[in-house]
Each structure stands twice: as C-alpha cells, then as structure tokens.
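The structure appears right after this line, and notes come after that.
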Amino acid sequence: MKLLFLIILLALTLNAKIFVDMYDREVEITDNNKIVCLGPGTLRLITYMQLEKKLIGIEKKELRFSPNSAYSLVLDKKFIKSLPIVGQGGPGKMPNLETLISLKPDVIFTSILSPKQVTLIQEKTKTPVIALSYGSNYGRKNNKEDKIEAVKKSMLLIAQIMDKQNRADELITFMNKQKEALKKITIDDKAIYVGGVAYKGLHGITSTESDYPAFKLLNIKNPILQNHIGHAFVNKETLLSFNPEIIFLDLVSRKIILEEIEKNKAIYKHIQAFKNSNIYWLYPSNFYNTNIENIYINSWLIASHFGKDIDIKKVKERVYKKFLGKDINTNVQ
C-alpha cells in the first residue's frame with residue numbers, strides 16, 4: 001500500500017508544472033480539469049478563453065446575467081445556476097474556504113484579491129491559486145501597466161495552464177489588428193471628456209479615468225486629468241472650467257447620470273457639450289471589472305461621432321463574435 005502511494009505521488013510530481021502568475025508568484029499545478037473563478041473579471045477572461053464548462057463553483061455576483069457584462073449573456077444559465085456558491089464575490093472579498101476545500105478544484109483563478117489573500121486561499125485550501133490582472137489599479141503591483149497588455153498576459157497565462165494556446169493566439173491577434181486599424185484614424189483636436197465611468201460601483205458624470213482605454217486606442221488624451229493614473233472623481237467646478245466640447249457617457253451609469261443632469265441643470269447648461277447637444281453614450285466599460293470587448297467597440301463608436309464612416313452594427317457583431325462566440329443584442333442610443 002505504501003509503495004502504491006509513493007508511485008502515485010511520484011506520478012503526480014512528474015506531471016506537475018510551475019507557472020508564474022501576475023503577482024510573480026511561482027505556482028505548481030498538476031491538473032486543470034476543475035476550476036473556480038474568484039474576484040471581479042476572472043470569469044470574463046475564462047469565458048473569453050472558452051473554458052467556462054470547467055467551472056465547479058461560482059460566485060453569487062456572477063448570477064446577474066446582465067447586459068452590462070456581455071460575457072454573462074453567453075453563459076449557460078442552467079449550468080451556472082446549478083454550481084455551488086463559493087462566495088459573495090466583489091473587490092477584495094474572500095470566498096468561503098470550507099466550500100472550496102470540499103469542491104477540490106484543480107486550479108483557482110483570481111483577480112483583484114491581494115497577494116496576501118491569494119496566498120492565504122492557497123495555504124488553506126491546498127489548491128494552486130493563480131492571480132490574473134487587468135492592469136492599472138486592477139490587481140497588479142505596477143500601477144502604470146496598460147490594461148489591455150495586462151489582459152493579454154493574463155490570457156496567455158490561462159492558455160499555458162489550461163492548454164488553450166490557439167485560443168489565446170486568436171484573441172491576441174485580433175486585438176493587435178484592432179489596435180493597428182484604430183491607430184490609423186485621426187481624431188479632431190477638441191476638448192473631450194468621458195464621464196459616468198464605473199469603478200467599484202456606479203457613479204455620475206464626474207467619475208472619469210485617465211488613459212481611458214477606448215480613448216487611448218485612438219490616441220485621445222483625457223486632458224482634464226493631468227499627472228494622474230487610473231480612476232478619478234473631478235468636481236463640477238473643474239468640469240465647468242474645462243468646458244468640454246464633446247462628452248461621452250458610460251451607459252452603465254445612465255440612470256444616475258440622467259438624475260444628476262436633471263438635478264444640476266443650472267451648472268451643466270453652461271458647458272459647450274450640453275449647449276450643442278454633443279453628448280454621446282458608450283457601451284459599458286466596467287461592470288465587475290472591464291469589458292475588454294467594449295473597449296474596441298467604443299473606440300469605433302467614438303470615431304463614428306467624429307464623422308468617420310463606420311458601420312457600428314457590423315463592428316459590434318465582429319467584436320462580440322470574436323470574444324464571445326456570438327453577437328449580443330445590446331445597443332446604445
């Protein structure tokens with residue numbers, strides 16, 4: 001019996017591989033058939049990589065199936081709802097360790113949990129835990145890391161662990177081609193602002209982001225924010241002083257934004273963009289972390305509002321099919 005145990009242990013050891021996660025932790029993984037996703041954005045990346053059928057547990061927050069997160073609409077609802085709940089979910093929220101121990105996953109993927117939390121979960125569950133990243137302010141030590149590049153690295157890491165290199169190559173090639181195509185577009189030099197950006201919740205017009213990804217792909221700066229990295233709130237006086245000619249608003253915060261506009265008409269009526277009706281809605285950027293597919297759709301949508309001849313319906317269909325396998329019936333007005 002002892003000899004048999006040693007043979008099994010040796011076989012497992014020989015089969016084990018070492019991977020370096022996005023916190024630069026070395027993690028030894030033996031198998032990859034059963035997985036769990038913890039934290040904002042983790043299941044999104046697993047869905048992009050077409051691995052959701054390997055899930056054996058789910059966070060409660062992932063049961064919303066909201067158009068604000070397009071990936072949730074392509075999930076098999078019956079299957080997802082049948083999975084055991086491993087925790088409430090949310091930024092920095094710890095899972096139910098007892099449930100994870102009972103489920104015995106082969107790998108736990110995480111996002112936005114701290115290095116200490118990741119290490120604690122691994123020690124308590126005796127399960128390999130892999131930290132993924134969405135870049136700046138989204139679970140990476142280097143705050144200046146580009147969001148899209150961090151996501152590419154995370155997908156490549158998932159691919160190595162889960163034997164999905166072809167899928168990662170397909171997505172990254174598409175993302176690179178999108179970047180090159182958008183780089184060729186010239187946008188008029190105007191005072192532009194993006195508001196209503198969600199960050200750990202929904203917010204109004206004064207919620208914005210430096211290096212807003214859809215702007216960055218078009219080489220547009222968010223000039224209201226200088227010497228600032230990541231998400232920020234600006235006050236109404238600053239926005240009034242900046243006086244943007246064009247304002248883009250995130251659809252995810254539509255209800256809050258419309259209420260805010262109604263409440264502060266006396267202020268907003270003095271801003272050029274409101275005076276000239278140059279207010280445009282964008283697809284939700286962040287909802288339980290960043291909708292990467294919407295970054296590209298929003299870039300093309302922004303370009304179309306600068307007079308570029310772009311068929312947004314075709315763009316949306318192409319992008320959603322590449323990331324999610326099918327078009328999603330979501331629209332902005």
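The values are calculated or read from the model by the stated rules, or taken from the named source; none is laboratory data. Everything quoted here is computed from the prediction, not taken from an experiment. We place every Cβ from the backbone using ideal geometry, glycine too, and count neighbours over all the protein chains shown. The accessibility values were calculated without ligands, DNA or RNA, using every heavy atom of the protein model including side chains. Shrake-Rupley method; radii C 1.70, N 1.55, O 1.52, S 1.80 Å.
Which residues, taken from segment 232-269, are in contact with a Ser or Thr (Cβ under 9 Å, 6 or more places away or on another chain), in a strand (DSSP E or B) and closer than 24 Å to Ala303 by Cβ? The one that is in contact with a Ser or Thr (Cβ under 9 Å, 6 or more places away or on another chain), in a strand (DSSP E or B) and closer than 24 Å to Ala303 by Cβ: Asp250.
Of all the residues in segment 105-129, those that are over 14 Å from Ile29 (Cβ atoms) and open to solvent by 10 Å² or more (accessible area, probe 1.4 Å) number 9.
Just checking, which of Lys81, Lys93 is open to solvent by 70 Å² or more (accessible area, probe 1.4 Å) and within 16 Å of Thr47 (Cα to Cα)? Exactly one of Lys81, Lys93 is open to solvent by 70 Å² or more (accessible area, probe 1.4 Å) and within 16 Å of Thr47 (Cα to Cα), namely Lys81. Taking the numbered list (1) open to solvent by 50 Å² or more (accessible area, probe 1.4 Å); (2) out of contact with any strand residue (DSSP E or B) (no Cβ under 7 Å at 6 or more places or on another chain) in turn, Phe306 passes all entries but (1).
Are there any pairs, at least 6 apart or on different chains, whose C-beta atoms fall under 6 Å, with the first in segment 226-248 and over 14 Å from Ala273 (Cα atoms) and the second among the charged types (D, E, K, R) and surrounded by 12 or more Cβ atoms within 10 Å (Cβ to Cβ), and if so, which? Matching pairs, first to second residue: His231/Glu209. Within the option set Lys179, Lys124, Lys190, being of a type in the set (Lys, Arg), in a loop (DSSP other than H, G, I, E, B) and touching a residue at least 12 places away in the same chain (Cβ under 8 Å) holds for one residue only, Lys190. Consider Ala273 carefully, then state whether it is in a helix (DSSP H, G or I) and at pLDDT below 90. No.
Among the numbered conditions (1) at positive phi; (2) exposed (fewer than 15 other Cβ atoms within 10 Å of the Cβ), the only one that Lys313 does not meet is (1).
Can you spot a residue in segment 194-209 that is assigned to a loop (DSSP other than H, G, I, E, B) and more than 22 Å from Thr290 (Cβ to Cβ)? No, because not a single residue in segment 194-209 is assigned to a loop (DSSP other than H, G, I, E, B) and more than 22 Å from Thr290 (Cβ to Cβ). So for segment 169-178 (the condition being under 22 Å from Gly307 (Cβ atoms) and open to solvent by 80 Å² or more (accessible area, probe 1.4 Å)), does at least one residue qualify? Scanning segment 169-178 turns up no residue that is under 22 Å from Gly307 (Cβ atoms) and open to solvent by 80 Å² or more (accessible area, probe 1.4 Å).
Each row is one residue, and each column tells you yes or no for (1) outside any loop (DSSP other than H, G, I, E, B); (2) under 18 Å from Ile220 (Cβ atoms); (3) under 16 Å from the mean Cα position of the chain (by Cα).
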position: Tyr296; (1), (2), (3): yes, yes, yes
position: Leu301; (1), (2), (3): yes, yes, no
position: Lys316; (1), (2), (3): yes, no, no
position: Asp327; (1), (2), (3): no, no, no
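Got at least one residue in segment 7-18 being modelled with pLDDT of 95 or more, among the β-branched types (Val, Ile, Thr) and open to solvent by 80 Å² or more (accessible area, probe 1.4 Å)? Among the residues of segment 7-18, at least one is modelled with pLDDT of 95 or more, among the β-branched types (Val, Ile, Thr) and open to solvent by 80 Å² or more (accessible area, probe 1.4 Å), which makes the answer yes.
Here is a check on your reading of the model: is Ala214 under 21 Å from Ile148 (Cβ atoms), outside any loop (DSSP other than H, G, I, E, B) and at pLDDT below 90? No; evaluated as a whole, the condition is false for this residue.
Residues in segment 225-266 that are acidic (Asp, Glu), open to solvent by less than 70 Å² (accessible area, probe 1.4 Å) and more than 19 Å from Ala198 (Cβ to Cβ): Glu245 only.
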